[in-house]
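What follows is one structure encoded as structure tokens, with my remarks underneath.
The values are calculated or read from the model by the stated rules, or taken from the named source; none is laboratory data. Just so it is clear, the model here is predicted, and its values are computed rather than measured. As a convention, Cβ positions derive from the backbone with ideal geometry for all residues, glycine included, and neighbour counts pool all protein chains shown. The accessibility values were calculated without ligands, DNA or RNA, using every heavy atom of the protein model including side chains. Shrake-Rupley method; radii C 1.70, N 1.55, O 1.52, S 1.80 Å.
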Amino acid sequence: MLIKTGVPTEEQVKEVFPPIERINKGRVAVAECFQRIPCNPCEYSCVKKAICVGEDINNTPNVDFEKCSGCGVCLTKCPGLAIMLVDGSKSAESVEFSVPYEFMPLPTVGEEISVVNRSGEVITRGVVSEVLNAKSFDRTPIVRFVVAREFLYAARYLKREVK
Amino acid sequence: MRETEVLIIGGGPAGLCAAVSALESGASVTILERNRRLGGQLVKQTHMFFGSKEQYASFRGIDIPAILLEKLEKYGDKLRVETDCTALGIYEDGVVTALFGEERYVKYLPKAIVVATGASEKALAFENNDLPGIYGAGAVQTLMNVYGVKPGNKVLMVGAGNIGLIVSYQLMQAGVEVVAVLDAAPKIGGYCVHASKIRRAGVPILVSHTVTRALGDKTLEGAIVCEMDEKFNVIEGTEKRYDCDVMCISVGLTPLTELLGMAGCEMKYVPELSGIVPARNKAYMTSRDGIFVAGDVSGIEEASAAMVEGYLAGLHCAAYAGYKSENFAQKVEDLEGQLAKLRGGPSGAHILRGIQKNVKED
Ligand SMILES: Cc1cc2nc3c(=O)[nH]c(=O)nc-3n(C[C@H](O)[C@H](O)[C@H](O)COP(=O)(O)OP(=O)(O)OC[C@H]3O[C@@H](n4cnc5c(N)ncnc54)[C@H](O)[C@@H]3O)c2cc1C
Ligand code: SF4
Ligand code: SF4
């Protein structure tokens with residue numbers, strides 16, 4: 001249970017996930033923010049107006065998947081690091097995740113990484129496809145990685161090998 | 001004796017915002033801050049903040065003091081900032097004494113005072129809790145993020161409130177292993193998004209658990225952790241040993257109210273506000289005329305609320321000193337609206353209950 005472990009249930013996750021047809025069209029935001037807290041930068045940072053928190057800033061965010069262009073700006077502005085992008089448009093076998101990643105050193109493109117689930121357990125391997133660190137991201141870089149499609153709902157984050 | 005119209009004690013977010021609105025209203029202001037730097041808790045908070053645009057949400061705490069200081073710059077001589085300067089007492093005649101550095105004492109006679117001294121960390125009682133290696137979470141955060149010192153290699157975090165969760169994350173960013181985050185309560189006290197982000201990075205969060213004993217001869221080597229039942233009793237036979245060289249205690253903050261108690265302000269124990277707090281009215285004035293409060297000193301909350309309270313206390317305090325701001329009523333209404341929005345959720349409801357107990361109607 002989220003409030004006891006920090007791990008949301010599968011139902012909670014699926015409820016905020018875009019439909020597979022939308023995922024297959026290209027990058028789209030998934031906001032895993034399930035608790036009422038006073039916060040709304042996701043809403044006002046989105047130029048497409050695709051995220052709505054509303055007048056009561058304690059509401060949980062709602063993503064309009066059709067308006068969302070998958071630009072990734074909200075990933076770097078969400079203080080809870082709760083938003084990621086998923087993209088199933090590139091291949092029938094794999095999906096690409098984009099996650100905010102604030103650990104140094106940053107991974108490099110082509111690097112093989114462990115992919116973890118929401119409990120931090122390694123579930124598979126993936127490959128880093130892009131690392132973005134624009135000045136406007138204000139020290140919250142975005143790492144994209146590719147994993148087998150069967151892990152669409154289980155994969156959440158990456159873990160690098162300790163050297 | 002130095003004269004100033006408004007004297008602000010504490011240069012954290014609440015104090016700085018009080019200075020902004022008192023100056024805007026036309027008063028001359030002096031800020032006393034016991035640290036060498038202004039910013040209070042913000043100077044160690046490398047994470048992005050919650051809240052809304054007006055309170056600089058999604059900015060990092062460490063970047064917010066500069067934004068506030070920029071607002072203060074234009075007031076030139078109307079503002080004096082004294083750092084490395086601790087207010088020691090507020091006396092019956094309204095005189096405030098302050099210690100500059102180690103041995104120079106200075107007296108102030110202000111027309112009005114805002115006390116914004118913030119809070120201090122609570123301790124936890126268990127066997128061997130004085131072993132070197134056991135710190136308050138705020139101390140560890142200061143070591144890491146202000147001084148760049150790695151506190152150790154393996155940390156056990158006691159307390160799963162926002163501070164425990166955030167400091168755990170920052171320890172991991174500094175390359176320190178966090179072996180677990182414990183909390184005696186049956187649920188995570190901090191925001192779930194913070195918990196989720198450290199959990200997926202591999203840190204177990206154990207609710208209904210506590211530390212009963214620290215192990216080690218000269219320094220910390222490990223800890224005994226136990227499960228607890230709903231009544232917070234340790235469950236026999238659940239002892240587990242964790243190896244660690246640092247233990248962070250993050251079991252809450254308590255308002256730093258000594259100056260107010262000594263000044264004779266009426267004090268009240270309000271659990272929702274995390275301890276003994278000064279009774280105040282809606283204008284942020286305590287039971288002593290001319291002494292105002294804002295921020296964590298009048299109830300532990302967040303920097304976002306501390307800033308808005310600071311702006312409000314600054315307006316009221318300046319008005320008391322004879323400088324009622326233009327559009328006073330509208331500014332107050334706007335700021336009170338911001339506070340109401342921030343406090344519109346479950347954690348805010350808790351705070352509001354406390355405020356209701358503590359704030360006098362007139
Ligand atoms: C780890 C951590 C994470 C947090 N994360 C968030 C967050 O994400 N969002 C958020 O909104 N809030 C957050 N907060 C809370 C926020 O930092 C505090 O609520 C806020 O700093 C309170 O502001 P303040 O001005 O009342 O007190 P402080 O920031 O504590 O400032 C008080 C100042 O007064 C000075 N002082 C005290 N006594 C004296 C004296 N006698 N003479 C002179 N000076 C004195 C102190 O040195 C200090 O600088 C966090 C806090 C911590 C510890
Ligand atoms: S990814 Fe871009 S378009 Fe989509 S919700 Fe986030 S900021 Fe808006
Ligand atoms: S910015 Fe992040 S934490 Fe804040 S409401 Fe939006 S999704 Fe939730």
Self-check item: Value of relative contact order over chain B, rounded to a whole percent, pairs C-alpha under 8 Å and six or more apart
Solution: 20
Practice problem: Of the listed pairs B:44/B:231; A:4/A:48; B:74/B:357; B:44/B:197, which have alpha-carbon separations greater than 28 Å here? | Solution: B:44/B:231; A:4/A:48; B:74/B:357
Quiz item: Can you give the Rg to Rh ratio for segment A:75-163, taking only C-alpha atoms and Rh from Kirkwood?
Solution: 0.94
Practice problem: Only residues of segment A:92-115 count here: report those whose backbone N is under 14 Å from the spot 7 Å along Cα→Cβ of residue A:137, or say none. | Solution: A:97-110
Quiz prompt | Cα convex hull volume per residue for segment B:102-144 (Å³) | solution = 164
Quiz item: Given the protein chains as shown and a 1.4 Å probe, how many square angstrom of residue A:149 are accessible, to the nearest 10?
Solution: 50
Quiz item: What Rg and what Dmax come out for chain B when only alpha-carbon atoms are used, in angstroms?
Solution: 21.2, 66
Quiz item: Mind checking the alpha-carbon convex hull of segment B:1-155 and giving the volume per residue in Å³?
Solution: 157
Practice problem: Compute the normalised compactness of segment B:205-362: alpha-carbon radius of gyration over 2.2 N^0.38 Å, N being the residue count. | Solution: 1.39
Quiz item: Can you list the residues of segment A:93-114 that have at least 40 square angstrom less accessible area with all protein chains present than in their chain by itself, probe 1.4 Å?
Solution: A:102, A:103
Practice problem: Extending each Cα 7 Å along its Cβ direction at residue B:35 and residue A:67, get the distance between those two points in nm, one decimal. | Solution: 3.9
Quiz item: What whole-number value in cubic angstrom gives the convex hull volume per residue for the C-alpha atoms of the protein assembly as shown?
Solution: 157
Exercise. With a 1.4 Å probe and every protein chain kept in, tell me what percent of the accessible surface of segment A:1-139 is carbon plus sulfur.
Key: 55
Self-check item: Computed helical MRE - 222 nm, chain B, DSSP H runs ≥ 4 contributing -39500 (n - 2.57), nearest 500
Solution: -9000 deg cm²/dmol
Quiz item: Could you give the accessible area per residue of segment A:112-163, probe 1.4 Å, as a whole number in Å²?
Solution: 49
Quiz item: Taking 0.36 nm per residue of separation and subtracting the Cα-Cα distance, what length does fully extending residue B:102 through residue B:219 add?
Solution: 39.0 nm
Quiz item: If you take the Cα atoms of segment B:13-103, find Rg, then find the Kirkwood Rh from the mean of 1/r over all pairs, what is Rg/Rh?
Solution: 1.01
Self-check item: Rh (Kirkwood; distinct C-alpha pairs) - segment B:142-243, Å
Solution: 14.1
Self-check item: List B:209, B:350, ordered by accessible area with a 1.4 Å probe, largest first
Solution: B:350, B:209
Quiz item: Any idea of residue B:212's accessible area? Nearest 10 Å², probe 1.4 Å.
Solution: 50
Self-check item: Rounded FRET efficiency, nearest 0.05, which uses the C-beta distance separating residue A:92 from residue B:84 and R0 of 56 Å
Solution: 0.30
Quiz item: How far is it, in nm, from the label point at residue B:361 to the one at residue B:334 when both lie 7 Å from their Cα along the line to the Cβ?
Solution: 3.0
Quiz item: Rounded to the nearest 0.05, what FRET efficiency do residue B:3 and residue B:324 have when you use their Cβ-Cβ distance and R0 = 35 Å?
Solution: 0.95
Quiz prompt | Accessible area that becomes buried as A packs against B, both chains, 1.4 Å probe, Å², nearest 100 | solution = 3300
Quiz item: Considering only DSSP states other than H, G, I, E and B, which trypsin sites (Lys or Arg not before Pro) in segment B:191-260 qualify as loop sites with at most 14 other Cβ atoms within 10 Å?
Solution: B:218, B:231
Quiz prompt | Net charge over other residues, Cβ less than 10 angstrom from the Cβ of residue A:82 (K, R count +1; D, E count -1) | solution = 0
Quiz item: Could you give the nm distance between label points at residue A:159 and residue B:258, where each point is 7 Å from its Cα heading toward the beta carbon?
Solution: 4.6
Practice problem: Using all C-alpha to C-alpha distances in segment A:39-103, build P(r) with 10 Å bins and read off the rounded percent in each one. | Solution: 21, 49, 25, 5, 0
Exercise. Only helices at least 24 Å long along their axis, Cα-based, and averaging -1.0 or more on Kyte-Doolittle count here, so list those DSSP H runs from chain B.
Key: B:303-320
